[in-house]
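The values are calculated or read from the model by the stated rules, or taken from the named source; none is laboratory data. Here the structure is a predicted model, which is why all the values come from computation and not from measurement. Every residue, glycine among them, receives a Cβ derived from its backbone with ideal geometry; neighbour counts consider all protein chains shown.
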């Protein structure tokens, strides 16, 4: 089940992000930051399980731009459409909020291309997007790719 995150989910979200940040798949995020931004997150809560097994956040950057970030899915649920459904939940919320464009910085560009995101140069993104980059262990040698989706042009 995909749903909006609740405060009680913050530690599970953090556990997943810590796990996947060790492999460089997502940026590390302190637990306090997850609590502060809990409203941005959607989670995957498997039926009959106590732990959250997936999470994804929609971060609003400006009136016309949002970012999908911290997409994580437990290994046992990968390949089952959980990541796709988490991203779709974020895109639906962006649509509801009236955000016309959503971008992602990722090491898994093919995943997002399947969802109709298009490659762009990182330099095309506004400077305010880079506020989190200085916290990244890879800064300034970023190996992530930038992709963007103009809402209303996709069909999923």
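The table below gives the values:
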| read-out | value |
| --- | --- |
| Residue within region 11-25 that is in a loop (DSSP other than H, G, I, E, B), more than 19 Å from residue 91 (Cα to Cα), without any contact (Cβ under 8 Å) to a residue 60 or more places away in the chain and out of contact with any helix residue (DSSP H, G or I) (no Cβ under 8 Å at 6 or more places or on another chain) present | yes |
| Odd one out for residue 51 among (1) modelled with pLDDT of 95 or more; (2) within 12 Å of residue 16 (Cβ to Cβ); (3) touching a helix residue (DSSP H, G or I) at 6+ places or on another chain (Cβ under 6 Å) | (1) |
| Residues within region 26-37 that are in contact with a helix residue (DSSP H, G or I) (Cβ under 6 Å, 6 or more places away or on another chain) and in a helix (DSSP H, G or I), tallied | 3 |
| Scope region 12-48; condition modelled with pLDDT under 95 and closer than 22 Å to residue 112 by Cα; matching residues | 21, 22, 23, 24, 25, 26, 27, 28, 29 |
| Residue within region 20-36 that is closer than 25 Å to residue 98 by Cα and under 13 Å from the mean Cα position of the chain (by Cα) present | yes |
| Region 71-81: number of residues that are surrounded by fewer than 22 Cβ atoms within 10 Å (Cβ to Cβ) and outside any loop (DSSP other than H, G, I, E, B) | 3 |
| Flag for residue 84 being under 13 Å from the mean Cα position of the chain (by Cα), part of a strand (DSSP E or B) and within 17 Å of residue 1 (Cβ to Cβ) | no |
| Qualifying positions in region 61-81 - free of Cβ contacts under 8 Å to residues at least 60 places away in the same chain and farther than 16 Å from residue 147 by Cα | 63, 72, 73, 74, 75, 76, 77, 78, 79, 80, 81 |
| Residue in region 50-65 that is surrounded by fewer than 16 Cβ atoms within 10 Å (Cβ to Cβ) and assigned to a helix (DSSP H, G or I) present | no |
| Residue in region 119-136 that is in contact with a strand residue (DSSP E or B) (Cβ under 6 Å, 6 or more places away or on another chain), outside any helix (DSSP H, G or I), buried (at least 17 other Cβ atoms within 10 Å of the Cβ) and at pLDDT 95 or above present | no |
| Criterion violated by residue 99 - all others in (1) at pLDDT below 95; (2) out of contact with any helix residue (DSSP H, G or I) (no Cβ under 7 Å at 6 or more places or on another chain); (3) not in a helix (DSSP H, G or I) satisfied | (1) |
